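Shown next, in C-alpha cells, is the structure this report addresses.
The values are calculated or read from the model by the stated rules, or taken from the named source; none is laboratory data. All figures in this text were calculated on a predicted structure; none of them were measured in a lab. Here the Cβ positions follow ideal geometry from the backbone for every residue, glycine too, while neighbour counts run over all protein chains shown.
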Amino acid sequence: MTTTRPQTGDETGAQTGGPAGAPTSFGARLHAALADRGQLCAGIDPHAGLLAEWGLPDDVGGLERFAMTAVEAVAGEASVVKPQSAFYERFGSRGVAVLERVVATAREAGALVLLDVKRGDIGSTSQAYADAYLDPASPLAADAITASPYLGFGSLDPMIESARRHCAGVFVLALTSNKEGPEVQHARAVGPEPGAPDGRSVAGVVLDHLRALNAGVQPLGSFGAVVGATIGETTEDLAFNGPVLAPGYGAQGGTPADLRRIFGASAHAVLASTSRDLLRHGPDPVALRDAVRRGNDELADALADGADA
Ligand SMILES: O=c1ccn([C@@H]2O[C@H](COP(=O)(O)O)[C@@H](O)[C@H]2O)c(=O)[nH]1
C-alpha cells in the first residue's frame, strides 16, 4: 500500500477520503496504515543516554548516526514514525537538518510521519507553525503534528484549516501521560460567561472540539487526541471518531492491557507510541525491526476485539 500524502486537498475529498482520484485525508491514510502495518507508533527520540548506550558521541554526528539507523530500520515496518523535535533542536540548525532527513526517509519507506512538536500560540503565530509543519512546500512538512490547546482550542484554527487544506492531521493534547497533566486537564472549564462553570473538564472540552471536527467523517477523522497509556481510570468519553496517540506505552509503564481497559471500543483508532523501549534494541537494525513486529503483534492480540472489552 502507499501512504503518500497528496500535495493539496479540497475540503470534501480531504475529509471523507473522497472518491477515486480525490485527495486522501490523513484520517483515511492512517486508517489504512493501521490495518496494513499495525498500531505501534515508533518514536525516534535520540536521548543523550541512548546515544551513549549505542556507543555514539553526544554530538550532531552521533545524532545523525542514531536517528538514520533507527528510521531506516523501522520505517518499512511501522505504520507511523514519531520523531520528537526537541531531541534534534538541541543541536541547532544541523540537528534540524537531521530531522528533515528523518522525516523524508520515513515517508519514502511508506510510514506516516507524526512530528511531535506540541506547538500552540496565538492564532497568527499558529499559522506560521502550520506553514512550517503542515504545508507540503516546507522542508519540515509532516503528515501530522502534535498541538497544545492551552491558549484556547480556537487558537489552533490555522493549524486545523491548514491540515484540511493539505490532507494532514493534528493531534491535540487532551489527557497526557505525565503525572503533572491532571492539574490542568482535569480542571473545570468555564463557559462564555466570565467565571461561569461549564461543568466539563478541560480535557472534556478538547475532546468535544475534536468530536465536532470529526463528525460524520468516514472511515476516520483527521483530528486526533493525545491520551496517555498511563492515565489510569477516566470518565471522559474517548469516542470522538478520530485517532488517538497513546504515549506512555513501554518506558513510562503503559501496557497493552492498559490500552484495552482505557480505550475499549475505541481501541481500533489507537496508536500506541513507544520511543525508549523500542530504541534500546538498537543499534542492530534487525533487532529494531523485530521489536516493531513484536510490538505490533502484542497490540493486535490485545486490541483486536477491543469492542468487547
Ligand atoms: O502525553 C504525552 C505526549 C507526548 N509524549 C511524547 O512521547 C514520547 C514518549 O517517549 P517514551 O520514551 O516512550 O516514554 C516522547 O517523545 C514524549 O515527548 C509523552 O510522553 N506523553
Failed item in (1) in contact with a Phe, Trp or Tyr (Cβ under 6 Å, 6 or more places away or on another chain); (2) away from the ligand (no atom under 16 Å from the Cβ); (3) free of Cβ contacts under 8 Å to residues at least 60 places away in the same chain, with Ile145 passing the rest: (2)
Pairs where the first residue, in the stretch 210-229, is among the aliphatic types (A, V, I, L, M) and the second is modelled with pLDDT under 95, C-beta under 7 Å, 6+ apart: Val217/Gln15; Val217/Thr16
Odd one out for Asp258, checked against (1) in contact (Cβ under 8 Å) with a residue 40 or more places away in the chain; (2) more than 9 Å from the ligand (Cβ to nearest atom): (1)
Some residue of the stretch 233-251 being out of contact with any strand residue (DSSP E or B) (no Cβ under 6 Å at 6 or more places or on another chain), under 15 Å from Cys41 (Cα atoms) and within 16 Å of the ligand (Cβ to nearest atom): yes
Residue list for the stretch 59-99, filter: surrounded by fewer than 16 Cβ atoms within 10 Å (Cβ to Cβ) and assigned to a loop (DSSP other than H, G, I, E, B): Asp59, Gly76, Arg90
Residues of the stretch 10-58 satisfying the condition of being of a type in the set (Gly, Ala, Ser), in a loop (DSSP other than H, G, I, E, B) and at pLDDT 95 or above: Ser25, Gly38, Gly55
Candidate set: the stretch 119-142, residues that are among the aliphatic types (A, V, I, L, M) and touching a Phe, Trp or Tyr at 6+ places or on another chain (Cβ under 9 Å); chosen: the one farthest from the ligand (Cβ to nearest atom): Ala141
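Per-residue answers, yes or no, for (1) surrounded by fewer than 23 Cβ atoms within 10 Å (Cβ to Cβ); (2) within 28 Å of Ala67 (Cβ to Cβ); (3) within 12 Å of the chain's Cα centre (by Cα):
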| site | (1), (2), (3) |
| --- | --- |
| Gly120 | yes, yes, no |
| Gln127 | yes, no, no |
| Ala130 | no, yes, no |
| Ala137 | yes, yes, no |
| Ala144 | no, yes, yes |
| Glu161 | yes, no, no |
Residue in the stretch 273-281 that is surrounded by fewer than 17 Cβ atoms within 10 Å (Cβ to Cβ) and aliphatic (A, V, I, L, M) present: no
Only listed residue being of a type in the set (Phe, Trp, Tyr) and away from the ligand (no atom under 15 Å from the Cβ), chosen from Phe87, Phe66, Phe91: Phe91
Which numbered condition Asp116 misses (of (1) surrounded by fewer than 21 Cβ atoms within 10 Å (Cβ to Cβ); (2) within 16 Å of the ligand (Cβ to nearest atom); (3) under 15 Å from the mean Cα position of the chain (by Cα)): (1)
